[in-house]
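Peer 1: Would you mind keeping the following structure in view while I ask a few things?
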Amino acid sequence: MKILVPVKRVPDPATTIRVLPDGSGIATDNVKWVINPFDEIAIEEALRIKEKQGGEVVLVAVGQQTWQEQLRTGLAMGADRAILVRSEAALDTLAIARLLAKIAEEQKPDIIILGKQAIDDDSNQVGQMLAEMLGWPQATFASKVEFQDRKCTVVREVDGGLETVAFDLPAIVTTDLRLNEPRYASLPGIMKARKKELKEIPADSLGVDLTPKLKIKKLDPPPKRQAGRKVASVEELVQVLHNEAKVI
Amino acid sequence: MADVLRNVDFFNLDELLTPEERMTRDTVRQFVQREVLPVVERHFANETFPLDLVPRMAELGMFGANLKGYGCVGMNNVAYGLIMQELEAGDSGLRSFASVQSALSMYAIYAFGSEEQKNRYLPEMARGKLIGCFGLTEPDHGSDPGGMETRARRDGTGWVLNGTKRWITNGSLAGVAIVWARTDDKIAGFLVEKGTSGFTTRDIHGKFSMRASVTSELILEDVRVPDSARLPEARGLGGPLSCLTQARYGIAWGAIGAARTCYNCALDYTRSRRQFSRVLAGYQLVQSKLVRIMTEITKAQMVCLRLAQLKDAGRARPEHVSFAKRNNVAMALEAARLARDMLGANGIVNEYPVIRHMLNLETVNTYEGTFDVQTLILGRDITGENAFE
Ligand SMILES: Cc1cc2nc3c(=O)[nH]c(=O)nc-3n(C[C@H](O)[C@H](O)[C@H](O)COP(=O)(O)OP(=O)(O)OC[C@H]3O[C@@H](n4cnc5c(N)ncnc54)[C@H](O)[C@@H]3O)c2cc1C
């Protein structure tokens, strides 16, 4: 099975994010960059599928030259090769989905596994857009993926429960947190990744309209949490909860 | 206690690392975060080594990572140093295990073994199937290994070993012990396998330091080994001493990891704990301690990075390594003590990793050549005067 896994570079979730004073973006000095955690889960799932039934895992990223590092990490985890669609400008989700659709037409994967969302902008759009563009079935928020011949069954995490869907390949799956626990890149894997193919393609060579439809106007840091307040007695607590907070 | 393993990188030294080096660091850090931190306090309390981590460490490629061939990964010395740093950010005992396996035992075979010995032992050791230990120190000879009393006597085509080695990390865990012994003319190294008749081990208990690491005594009573168990290329004390240089190199990096964990803990703690009118981190005396640790960690990082470059270029002298071991371990010990102090009463309980690191670092200060022994090595280097005896 040929599996395509799109990968995004995001700030490490453990990093403290500082918004620039003019609200135009985040301060990137000293930020540690990692593979979007949901994409890591997608890579892990792809590797497990490949380990079970053979095939090829191809990573694709749309971004700058620095994104090579995250693709190399994915290769070190065990992916076979990677494609970096080079774009110096930050693109919106629609442009990215269009580029990925082009790559998919060219690579002809049996399945595309994506993270359900990127933890930086939390858009949760690319997988769905891509399914629409390719005209493929989609199963988002997957917590279990199984195959039987050219049929795929996915258990989805939906509000208040689980939903099981079945569909034919080719298809789009987006990963939820509980799908698997990604492996780390082993040291031999890191050494092997050196020699794996990482191909760069300029984004503007793919004949896709990249004009942004979305403009980020301003970023605001979340409001500072107010310090708690001490009350003298249980009576006072009940009073305050009732009269001021109006929760009881 | 959020992310005590995080970077301390005041000068953006991360930029000087290659993506592969950073990846290696991240892999080991994740391993420590997910698999070591949850169990290490229990092992330290029970005086046990987390043996079940060994196959995982092997699978990730951590043993003999800077050796080439024989199933080893063949990374450079920066990556190797970063592995040691991250392991010791978890626990010095875990780093000791990796040091003894890689830099002492595997390296001894790699540097001084016959082709047959290398093929027989190294791949198994890289895979974690075979654990090694390194027996140099004796009850009466620590800083002065040249005075060792363990003897190897010729007996037909083989050798007979007699003597006692003490303070041997992994001693009772090891399937193969590298035993250094005096022959008629020089000091030689022997590979003694577990179960060889006359060879027994006894663990040392009652340690207040390195409790999550096994430390043993090796007892050799008329142990017969064939000549093929002798490391043919080790001639004299230079053999074991060059292994110590390898291990000291890893310790110099490792100590930064321990210091970093203590610093991160103290920083988080003092930024949230209030006394009198404000958080502790708002007081000048506390800031002075934090700044001192951060400065020393940063300097130690720079020393290690330069040392790694020299080592990769084949230009590191043993004295360079002594400089780094001496400076970085003393720095880490001081950092741990200061951090312990800043945590107040919480600094003495195992809810925080600081006291464990502080106690461990007492060993790190002593083994592989004490702080003062490194001082004498450097003193000899710059003055030309040997102050050892
Ligand atoms: C937990 C642990 C694990 C260890 N693991 C191993 C191992 O795997 N393999 C191994 O072979 N050994 C191991 N060791 C032994 C360690 O290397 C020795 O303890 C160390 O070399 C110091 O020797 P010593 O303890 O005999 O101290 P001593 O040599 O007796 O030193 C005591 C003090 O005297 C000072 N001193 C010594 N000589 C001089 C001098 N000429 N001038 C001034 N001061 C001097 C020292 O600096 C020190 O402060 C381990 C030790 C510990 C604690």
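The values are calculated or read from the model by the stated rules, or taken from the named source; none is laboratory data. Worth saying up front: this structure is predicted, and the values here are computed from it rather than measured. Methodologically, a virtual Cβ is constructed for each residue, glycine included, from the backbone with ideal geometry; neighbour enumeration extends over all protein chains shown.
Peer 1: Do any residues in the stretch B:237-261 that are touching a residue at least 60 places away in the same chain (Cβ under 8 Å) and within 14 Å of chain A (Cβ to nearest Cβ) have Cβ atoms under 9 Å from those of residues that are within 15 Å of the ligand (Cβ to nearest atom) and part of a helix (DSSP H, G or I), where the two are at least six apart or on different chains, and which pairs are they?
Peer 2: Pairs that qualify, where the first residue is touching a residue at least 60 places away in the same chain (Cβ under 8 Å) and within 14 Å of chain A (Cβ to nearest Cβ) and the partner is within 15 Å of the ligand (Cβ to nearest atom) and part of a helix (DSSP H, G or I): there are none.
Peer 1: If you take the residues in the stretch B:194-217 that are away from the ligand (no atom under 11 Å from the Cβ) and of a type in the set (Ser, Thr, Tyr), which one is surrounded by the fewest Cβ atoms within 10 Å (Cβ to Cβ)?
Peer 2: Step by step, filter the stretch B:194-217, then rank; the result is B:Ser197.
Peer 1: Further question on the same structure: Which count do you get for residues in the stretch A:187-196 that are within 16 Å of A:Leu47 (Cα to Cα) and more than 9 Å from chain B (Cβ to nearest Cβ)?
Peer 2: Residues that pass the stated criteria total 2.
Peer 1: Which fully enclosed helices (runs of 4 or more DSSP H) of the stretch B:304-389 have 3 or more residues being more than 20 Å from the chain's Cα centre (by Cα) and either within 16 Å of the ligand (Cβ to nearest atom) or surrounded by fewer than 16 Cβ atoms within 10 Å (Cβ to Cβ) (or both)?
Peer 2: Hits in the stretch B:304-389: B:371-383.
Peer 1: Something else about it: Restricting to the stretch B:47-79, name every residue that is among the aromatic types (Phe, Trp, Tyr) and either more than 15 Å from A:Ser186 (Cβ to Cβ) or surrounded by fewer than 24 Cβ atoms within 10 Å (Cβ to Cβ) (or both).
Peer 2: If the condition is that a residue be among the aromatic types (Phe, Trp, Tyr) and either more than 15 Å from A:Ser186 (Cβ to Cβ) or surrounded by fewer than 24 Cβ atoms within 10 Å (Cβ to Cβ) (or both), then B:Phe49, B:Tyr70 are the ones that fit.
Peer 1: What pairs can you find where one residue is in the stretch A:69-89 and more than 13 Å from chain B (Cβ to nearest Cβ), the other is assigned to a strand (DSSP E or B) and among the small types (Gly, Ala, Ser), and their Cβ atoms are less than 6 Å apart, with a gap of 6+ or different chains?
Peer 2: Qualifying pairs under 6 Å: A:Leu84/A:Ala61.
Peer 1: Since B:Thr48 meets every condition but one in (1) within 25 Å of B:Leu122 (Cα to Cα); (2) more than 14 Å from chain A (Cβ to nearest Cβ), which condition does it not meet?
Peer 2: Going through (1) within 25 Å of B:Leu122 (Cα to Cα); (2) more than 14 Å from chain A (Cβ to nearest Cβ) one by one, B:Thr48 breaks only (1).
Per-residue answers, yes or no, for (1) within 18 Å of the chain's Cα centre (by Cα); (2) of a type in the set (A, V, I, L, M, F, W, C):
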position: A:Ile3; (1), (2): yes, yes
position: A:Pro11; (1), (2): yes, no
position: A:Ile17; (1), (2): no, yes
position: A:Ser24; (1), (2): no, no
position: A:Asp29; (1), (2): no, no
position: A:Phe38; (1), (2): yes, yes
position: A:Ala61; (1), (2): yes, yes
position: A:Asp80; (1), (2): no, no
position: A:Thr93; (1), (2): yes, no
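Peer 1: Taking into account only those residues within the stretch A:178-192 that are in contact with a Ser or Thr (Cβ under 8 Å, 6 or more places away or on another chain) and part of a helix (DSSP H, G or I), which is surrounded by the fewest Cβ atoms within 10 Å (Cβ to Cβ)?
Peer 2: A:Arg178
Peer 1: Also, I was wondering about something else. Suppose we filter B:Leu220, B:Leu244, B:Leu231 for residues that are surrounded by 20 or more Cβ atoms within 10 Å (Cβ to Cβ) and within 13 Å of the ligand (Cβ to nearest atom); which single one remains?
Peer 2: One residue alone meets the criteria, B:Leu244.
Peer 1: Being within 13 Å of the ligand (Cβ to nearest atom), surrounded by 18 or more Cβ atoms within 10 Å (Cβ to Cβ) and of a type in the set (D, E, K, R) is the filter here; which residues of the stretch B:93-150 pass it?
Peer 2: Residues satisfying the conditions are B:Arg95, B:Glu138.
Peer 1: Something else: Tell me, which residue of the stretch A:202-221 that is exposed (fewer than 10 other Cβ atoms within 10 Å of the Cβ) and touching a Gly at 6+ places or on another chain (Cβ under 7 Å) is farthest from A:Glu105 (Cα to Cα)?
Peer 2: Checked the stretch A:202-221; the qualifying residue farthest from A:Glu105 (Cα to Cα) is A:Asp220.
Peer 1: Now a separate question. Taking A:Ala95 and the conditions (1) more than 13 Å from every other protein chain (Cβ to nearest Cβ); (2) under 20 Å from A:Ala193 (Cβ atoms), which numbered condition does it fall short on, given that it satisfies the others?
Peer 2: (2)
Peer 1: How many of the residues in the stretch B:114-143 are free of Cβ contacts under 8 Å to residues at least 24 places away in the same chain and either aromatic (Phe, Trp, Tyr) or in contact with a helix residue (DSSP H, G or I) (Cβ under 6 Å, 6 or more places away or on another chain) (or both)?
Peer 2: Looking only at that region, the number is 1.
Peer 1: Scan the stretch A:1-48 residue by residue and report those that are touching a Leu at 6+ places or on another chain (Cβ under 6 Å) and within 11 Å of chain B (Cβ to nearest Cβ).
Peer 2: none
Peer 1: Here's something else I'd like to know. What residue, among those in the stretch B:59-80 that are within 10 Å of chain A (Cβ to nearest Cβ) and of a type in the set (Gly, Ala, Ser), is farthest from B:Leu130 (Cα to Cα)?
Peer 2: The residue in question is B:Ala79.
Peer 1: If you don't mind, there's one more thing I want to ask. What pairs can you find where one residue is in the stretch B:203-231 and free of Cβ contacts under 8 Å to residues at least 60 places away in the same chain, the other is more than 14 Å from the ligand (Cβ to nearest atom) and assigned to a loop (DSSP other than H, G, I, E, B), and their Cβ atoms are less than 8 Å apart, with a gap of 6+ or different chains?
Peer 2: Qualifying pairs under 8 Å: B:Glu221/B:Gly198.
Peer 1: With modelled with pLDDT of 95 or more, closer than 13 Å to A:Val7 by Cβ and not in a helix (DSSP H, G or I) as the only criterion, which of A:Val155, A:Val60, A:Val145, A:Val165 stands out?
Peer 2: When all the criteria are applied, what remains is A:Val60.
Listed here are the residues, each with its yes/no results for (1) more than 10 Å from chain B (Cβ to nearest Cβ); (2) of a type in the set (Phe, Trp, Tyr); (3) within 30 Å of B:Val78 (Cβ to Cβ).
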site	(1), (2), (3)
A:Glu163	yes, no, no
A:Thr175	yes, no, no
A:Arg178	yes, no, no
A:Glu181	no, no, yes
A:Ala185	no, no, yes
A:Leu198	yes, no, yes
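Peer 1: When you look at B:Ala308, is it closer than 27 Å to B:Gly74 by Cα, small (Gly, Ala, Ser) and touching a residue at least 24 places away in the same chain (Cβ under 8 Å), yes or no?
Peer 2: So B:Ala308 fits the description; yes.
Peer 1: Can you name the number of the only condition in (1) assigned to a strand (DSSP E or B); (2) more than 30 Å from A:Lys102 (Cβ to Cβ); (3) of a type in the set (S, T, N, Q) that A:Gln239 fails?
Peer 2: A:Gln239 satisfies all of (1) assigned to a strand (DSSP E or B); (2) more than 30 Å from A:Lys102 (Cβ to Cβ); (3) of a type in the set (S, T, N, Q) except (1).
Peer 1: Restricting attention to the stretch B:20-37, and to residues there that are closer than 16 Å to A:Ile35 by Cα and facing chain A (nearest Cβ under 8 Å), which single residue is surrounded by the fewest Cβ atoms within 10 Å (Cβ to Cβ)?
Peer 2: B:Gln30
Peer 1: Where residues in the stretch B:168-190 are free of Cβ contacts under 8 Å to residues at least 40 places away in the same chain and either within 15 Å of the ligand (Cβ to nearest atom) or among the hydroxyl-bearing types (Ser, Thr, Tyr) (or both), which of them is nearest to B:Lys129 (Cα to Cα)?
Peer 2: Within the stretch B:168-190, the match that is nearest to B:Lys129 (Cα to Cα) is B:Ala181.
Peer 1: I need a count of the residues in the stretch B:45-76 that are among the polar types (S, T, N, Q) and within 15 Å of the chain's Cα centre (by Cα).
Peer 2: 1
Peer 1: How many of the residues making up the stretch B:25-44 are farther than 19 Å from B:Tyr80 by Cα and touching a helix residue (DSSP H, G or I) at 6+ places or on another chain (Cβ under 9 Å)?
Peer 2: Residues meeting the conditions: 7.
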